[in-house]
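> Could you have a look at this structure, given as structure tokens, before my questions?
The values are calculated or read from the model by the stated rules, or taken from the named source; none is laboratory data. Because the structure is a prediction, the values reported are computed rather than measured. Note that we place each Cβ from the backbone using ideal geometry, even for glycine, and neighbour counts take in every protein chain shown.
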Amino acid sequence: MDHLLKLLDLTTEDIIDILHLADQLKYEQKNGIKHKYLEGKTLGMIFQKASTRTRVSFEAGMYQLGGQALFLSPRDLQIGRGEPVQDTARVLSRYLDGIMIRTFEQKEVEDLAKYGSIPIINGLTDFAHPCQVLADLMTIKEYKGKLKGLKLAFIGDGNNMANSLIVGGLKMGMKVAIASPKGYEPDKEVLEFAKDNPDFMLTTDIYEAAKGADAIYTDVWSSMGMEAEVEERKKAFKEYQVNSKLMEVTNPNCLVLHCLPAHREEEITTEVFEAHADEIFEEAENRLHAQKAVLVKLLGNK
């Protein structure tokens, strides 16, 4: 594993290794055990999309690991004024030990890896959100004790979250059901990956997807960059809500997960969100531990 660009690139063993290390790092932090595994290392963090959890978790994670993180907005970089990504990649590779980027196009992340000579981490693109899904898998495993054989249902837009949950869930032996309105399905590349897997289901029926689920997941109806589509999407997704009626068809003790921020009374009701707030915020915390594991894997001494 040289980069984390998308979960499609990882093997099941890669994901298992990251999750085991994340558990170890979480244990060490909770018990006051210092783990300065990245002493003297520097991570550049390029943000072309705003962030709460991604910025704070990566910055805090690098500090806890003994390294340093540099926040780089488009205003701070020549990439925001038209410098080709291949030039930025080659320059930053001479200053930094790794780059985390949160941007729009997956190609930008792939190009950084192609032209740079240091590890690249995808902090989110319109195609994939691998760091979030590693934290999601970690959370499900913490609560359920396993991943293999469990059913994960995603309700909503076939966006970067749906794409990454399909890949991560299926690679870990889970059953994955996606319920999206017609015209809002996951990416074709991901559907091609999943098409022959008997554990995968794509439907427009939220009750069919949620039936017997051990974990149910949702996300906002309109992601960043879709501001012009908000009203149109509200109409298309109005039935795609995680509420108490939908929870009735899931398995007992079904987890509810959300990558946040949540728009209460749109994709999830306040009632269901607050009833499952403990697991949702544990999931948010696990971004820190899962990403620290990725950082140690990629930037640590081999």
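> Quick one: LEU96 ticks every box in (1) closer than 19 Å to LEU299 by Cβ; (2) under 22 Å from the mean Cα position of the chain (by Cα) except a single one, so which number is it?
(2)
> If you go through region 244-284 one residue at a time, how many are more than 22 Å from the chain's Cα centre (by Cα), of a type in the set (A, V, I, L, M, F, W, C) and farther than 19 Å from ALA213 by Cα?
0
> Among the candidates ASP219, ASP205, ASP214, single out the residue that is of a type in the set (Asp, Glu), buried (at least 18 other Cβ atoms within 10 Å of the Cβ) and out of contact with any Ser or Thr (no Cβ under 8 Å at 6 or more places or on another chain).
One residue alone meets the criteria, ASP219.
> Take region 47-100 and flag every residue that is in a strand (DSSP E or B), at pLDDT 95 or above and of a type in the set (A, V, I, L, M).
ALA69, LEU70, ILE99, MET100
> Residues being under 21 Å from ALA22 (Cα atoms), among the β-branched types (Val, Ile, Thr) and touching a strand residue (DSSP E or B) at 6+ places or on another chain (Cβ under 8 Å): count how many of those fall in region 43-83.
Here the count works out to 1.
> Among the residues of region 52-72, how many are surrounded by fewer than 20 Cβ atoms within 10 Å (Cβ to Cβ) and either among the aromatic types (Phe, Trp, Tyr) or under 17 Å from PRO119 (Cα atoms) (or both)?
5
> While we're on this one: When you check MET247 against the structure, is it more than 21 Å from ALA22 (Cα to Cα), without any contact (Cβ under 8 Å) to a residue 12 or more places away in the chain and surrounded by 15 or more Cβ atoms within 10 Å (Cβ to Cβ), yes or no?
The answer is no for MET247.
> Can you tell me which residue is surrounded by the most Cβ atoms within 10 Å (Cβ to Cβ) among those in region 232-244 that are farther than 14 Å from ALA179 by Cα and free of Cβ contacts under 8 Å to residues at least 60 places away in the same chain?
The extreme case among them is ASN243.
> With respect to VAL256, is the statement that it is outside any helix (DSSP H, G or I) and within 30 Å of GLY61 (Cα to Cα) true?
yes
> Same structure, new question: Are any residues in region 108-120 touching a strand residue (DSSP E or B) at 6+ places or on another chain (Cβ under 9 Å) and either part of a loop (DSSP other than H, G, I, E, B) or β-branched (Val, Ile, Thr) (or both), and if so, which ones?
Residues satisfying the conditions are VAL109, GLY116, ILE118, PRO119, ILE120.
> Here's another thing I want to ask about it. Could you please find all residues in region 263-283 being in contact (Cβ under 8 Å) with a residue 40 or more places away in the chain, closer than 20 Å to ASP157 by Cα and surrounded by fewer than 18 Cβ atoms within 10 Å (Cβ to Cβ)?
Within region 263-283, just HIS263 meets the criteria.
For (1) under 14 Å from the mean Cα position of the chain (by Cα); (2) under 21 Å from ASN251 (Cβ atoms), each residue gets a yes or a no:
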{"site": "THR125", "(1), (2)": "yes, no"}
{"site": "GLN132", "(1), (2)": "yes, no"}
{"site": "LEU137", "(1), (2)": "yes, yes"}
{"site": "MET172", "(1), (2)": "no, yes"}
{"site": "VAL176", "(1), (2)": "no, yes"}
{"site": "LEU191", "(1), (2)": "no, no"}
{"site": "LYS195", "(1), (2)": "no, no"}
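> In addition: Can you tell me which residue within region 1-51, out of those that are over 22 Å from the mean Cα position of the chain (by Cα) and closer than 27 Å to GLN106 by Cβ, is surrounded by the most Cβ atoms within 10 Å (Cβ to Cβ)?
Taking the candidates together, the pick is LEU38.
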